Structure formats: C-alpha cells, structure tokens
Amino acid sequence: MPNVSSVKSKTFGDVAAADTASLAALQTLGGAGDMTLKAAAGTGAYNGTNLAQLIDITCGGNVATVTFSVTGTDVNGDTITEDITGVNANTVAGALYFATVTQVAADDAVGTNTSVGNQAGTGVGVVFAGRTRIRGMQGVVGTTAGNITFKNTSTTGTTLMDIPTGVTAGTLEPYIPDNGVLFNAGAYINAAANVQEGVTVFYDG
C-alpha cells in the first residue's frame, strides 16, 4: 500500500457566472482616484472559491482615455496589477486571472457610469505549487457538461489529468490509481462555469 500519510485536501467552489458589477457598480469619479469596491479586500463574486477569474470593465459612455489599474493577487497569492484601458459605451476584458481584487484605480476622471466585474468562462486555481501527486477527488456535479482539467507547472501548463463531468445530479468521485498522478512542478486546476458545484482534491503536501 502506498504511503499516504502526508495527504492534504483543498476545496474549490463553482466558477462564478459573469457579473459586470461584482466588484464595483455604476460609478463616476471627478478626477483620478480609486473606485469604491463592493466589499473588503478580496471582493468579487468568486472570492472564497480558491479560484481566480478574469476581470472586465463596463463603461456607460466614452472613457476610452482612462486607464484602470486593477490590483489584487493571483492563484499563488502573489500581488499582480493589470492596466485596462476604458472603452466607449462597451465592455472591455482583462487578460490576467485574479483570485482577489483589492484596488481599482483610474488615472483620470470617469465622467460616465462605469462598473467592474468578472468575466464568464474558466476559473483557475493552484492545488499545490510544488512537486505533488493528486491522490483522489470528490465533488458534486454541476449543471453543465464539461471537464475539470489538472495541469503541470502552471495554469497554462501541460494537461496531465482531465476529468469529464455530466449534467446528471450526483457525486463526482473519479477513480485515480493508488499511487496517484504525479505533477513534478505543481498541480493547477482549470474548470469552466457550472461543471461542478464544488470539488475537494486530495494531494501530497
């Protein structure tokens, strides 16, 4: 029997649905400054899920000359900042995955209602940032068929394990061999919205 004395667990929630105002809703600024976030540090519809998601900014009018600097943390807990340029009466998408958002700062006046939220699509997270083996997984099936994908090295690394889900309500408990699946440079999870309501991953840590 393999040694599983160092097995730990981490739970990931569902990926939040798109919400154009989950971080800050319908605000104007008289000059450069910070937008008022809806909650304390770590705000966002996805906060507490252990998953990071992409940010977007929705402008009611023309703020194409304004740069919005979004600051927070990534899946590893490291501080990141992304500069997103406003648009004219539209929504503009960011390209970095934020696990938390602590500040959204505009470099000029925002003369029309502007909101900050999270995009639809994939949520990403870190199971363990070092060499590890995934030993097992248990969760609840969501409402959309899809895959829960585990990657080596980073959230964009090589896929080493792909777990399909269905749309029939029930427990998600796939078979994983006794020795687990080795991730020699860190195990990272990718999941689309609604493929699982929540999943706990068991890993060497």
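A short reminder: the numbers here are calculations on the coordinates, not readings from a lab. Not measured: the values here are computed from a predicted model. Counting neighbours? That spans all protein chains shown, and the Cβs are built from the backbone with ideal geometry, glycine included.
Worth pointing out:
- Across segment 53-171, Cα-Cα distances exceeding 21 Å account for 52% of all pairs.
- Remark: spin-label model distance THR20-ALA185 equals 3.9 nm, labels positioned 7 Å along the Cα→Cβ axis.
- Relative compactness, segment 19-118, computed as alpha-carbon Rg over 2.2 N^0.38 Å: 0.97
- Summing +1 for each Lys or Arg and -1 for each Asp or Glu among the other residues whose beta-carbon sits under 10 angstrom from that of ASN190 gives 0.
- Averaging the sequence gap over all C-alpha pairs within less than 8 Å and six or more residues apart, then dividing by the number of residues, gives segment 12-162 a relative contact order of 31 percent.
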